[in-house]
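Some notes on the structure that comes next.
The values are calculated or read from the model by the stated rules, or taken from the named source; none is laboratory data. Given the structure is predicted, the values throughout are model-derived calculations rather than measurements. Reconstructed Cβ throughout: ideal geometry from the backbone, glycine too, with neighbour counts over all protein chains shown.
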Amino acid sequence: MTYEDLINECQLLRQRLDDYRISNNESEVIQANLNSLINNQETSIWSIDRDYRYVIFNDFFKTEYLSAFGIELKKGLHVLDILTPELAAFWKEKYDRALNGEQFSFEFTHQIKEQTCTFKVSLNPVVSNNKISGVSALSVDVTDQKQIESILKESNSNMSAIMENTLESIWAINTSYEILYTNSVFQREFFQGFGVELKKGINLLKSLPEPIQPLWKSRYDRALSGERFSFVDEIDVGARVYYVEVSMNPILDKDEVVGASFFANDISERIIAEKALQDSESRLKKLNLTKDKFFSIIAHDLRSPFNSIIGLSELLSERIKNKNYSDIEQIANIIKNSSIQTNNLLSNLLEWSRSQSNGIEFKPEYFNLNPFIKNEVEAITSLANQKSITLTNHTPNTLVFADKYMLSTCLRNLLSNAIKFTNTEGSVRIESKQLANNQISICVEDNGIGILESDIEKLFVIDQNLTTYGTSDEKGSGLGLILCKEFVDKHNGTIKVESKIDKGSKFTIILPGAII
């Protein structure tokens, strides 16, 4: 119910009360309805007669009046006598206008407990039997509303200055993509980017280069359909990459979209800082994993073979001392094999620690792959002979561009792993092929015990403690394959694995741009 409706309803009830034709019972019902109607409003409502005496007032007005003036209202109380002369003169002039038939509203300001309050007052003549019998009044506290209006007025006066002095690009369009507003920042950035001077009324969509018009049309249409959203654009200008956060909002008029406004902010520094932080966290995590792996190898993988070598050496020394030569050759061979494995582990450990501290410099050079791989195969032949494993090399004469040291480390680890996981009298094959786009592949394939499919993805991850014993109980740390992956990555290459249980495994290194 509006204030006007409320006043009209009160007047109708008053008129019925003044009508001599109603009965006392009906009068009591109407009076009860009137009291209920006005007392359920959180608005000051009152009525006076032609002698300026209170006839009706609601509880809300009674409470507010007591708080403002310290006077408790009663019916019949003279409105003007309880006011100061200045206020009495003010209100008499207003009441007299209403008693003369005028219906009007005005604002009244009054100091209440150190606070200046503003009220909107509506006065209406009360007509009974075609005569004005009094005045009905309704008052609403609009103090907060006035303060908001004042703030808005001040904000609006500063808005243009703020939008012109901000570092953000600000613009607005209507439903036909025509410019309603652009600040100087957006005008300058748009001209620098696309060479177009923007003015009010220009079609902003058509001012964009044709290749990006569909993208921005879809964005503008989303905002013009009533959607509020934001996104980050990555803009590569060659010299550097910019990141711009754009907020898009519909402009509404009576729940109807009449346009859209946009705010764009350069957040390059923030994005770059976030990426740097993520990279730092990633490096820190990797360093912690590296440290844990390093200590694990030292504590277990190195300690165990050395204890074995020391124990067997003591046994060998005792046998020689007692001139018991029955199995000293077997003991010596075990010591030899254990020493070789431990030496390989130490080599990997040292190379890995150097790679983690960037102590290994990437130095690619041109060389013939055939003799290079032939030397690697010869170096591992003695290890293969111990298990009667056949090594075959199928590498053509190919001039490649790679880091010899890193590639040698990769091949040594792949070949030793193939021998480790191949049964006695098995076979290991190494082969290289020229691929398209100057790429070369180097494959090491065995017919050994194979790898579980679920374990393949763990082979090159440092935080996966995947340790598998060879066919002769050879134990490794898993460090060799991790080192292979890092060195292949240095070449911007890839390493992949194909394997089937009891059928064997195939490790393939692909080096891009290696062939000339």
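With respect to Glu189, is the statement that it is at pLDDT 85 or above and either farther than 18 Å from Glu168 by Cα or surrounded by 14 or more Cβ atoms within 10 Å (Cβ to Cβ) (or both) true?
Taking the combined requirement at face value, the residue does not satisfy it.
Could you say whether any residue in region 208-222 is under 26 Å from the mean Cα position of the chain (by Cα), assigned to a strand (DSSP E or B), modelled with pLDDT of 90 or more and not charged (D, E, K, R)?
No, every residue in region 208-222 fails to be under 26 Å from the mean Cα position of the chain (by Cα), assigned to a strand (DSSP E or B), modelled with pLDDT of 90 or more and not charged (D, E, K, R).
Which count do you get for residues in region 117-133 that are part of a strand (DSSP E or B), at pLDDT below 90 and polar (S, T, N, Q)?
2
Tell me yes or no: at least one residue of region 393-401 is in contact (Cβ under 8 Å) with a residue 60 or more places away in the chain and not β-branched (Val, Ile, Thr).
Yes: one or more hits.
Somewhere in region 502-513, is a residue at pLDDT below 90, within 20 Å of Val428 (Cα to Cα) and more than 35 Å from the chain's Cα centre (by Cα)?
No: region 502-513 contains no residue that is at pLDDT below 90, within 20 Å of Val428 (Cα to Cα) and more than 35 Å from the chain's Cα centre (by Cα).
Pick out the one residue from Ile212, Ile202, Ile173, Ile179 that is among the β-branched types (Val, Ile, Thr) and within 22 Å of Tyr242 (Cβ to Cβ).
Unique residue meeting the criteria: Ile212.
Could you list, in sequence order, all residues of region 370-391 that are of a type in the set (Gly, Ala, Ser) and part of a loop (DSSP other than H, G, I, E, B)?
Ser388
Looking at Ser472, Ser477, which one is surrounded by 18 or more Cβ atoms within 10 Å (Cβ to Cβ), modelled with pLDDT under 85 and among the hydroxyl-bearing types (Ser, Thr, Tyr)? Spell out the reasoning first.
Details: Ser472 fails: surrounded by 18 or more Cβ atoms within 10 Å (Cβ to Cβ).
Testing whether each residue is surrounded by 18 or more Cβ atoms within 10 Å (Cβ to Cβ), modelled with pLDDT under 85 and among the hydroxyl-bearing types (Ser, Thr, Tyr) leaves just Ser477.
On the given criteria, is Leu316 out of contact with any strand residue (DSSP E or B) (no Cβ under 7 Å at 6 or more places or on another chain) and either loosely packed, with under 11 Cβ neighbours inside 10 Å or at pLDDT 80 or above (or both)?
yes
Can we say Glu93 is in the same structural domain as Leu66 (by TED's automatic domain parsing), within 17 Å of Leu80 (Cα to Cα) and exposed (fewer than 12 other Cβ atoms within 10 Å of the Cβ)?
Spelling it out, Glu93 is indeed in the same structural domain as Leu66 (by TED's automatic domain parsing), within 17 Å of Leu80 (Cα to Cα) and exposed (fewer than 12 other Cβ atoms within 10 Å of the Cβ).
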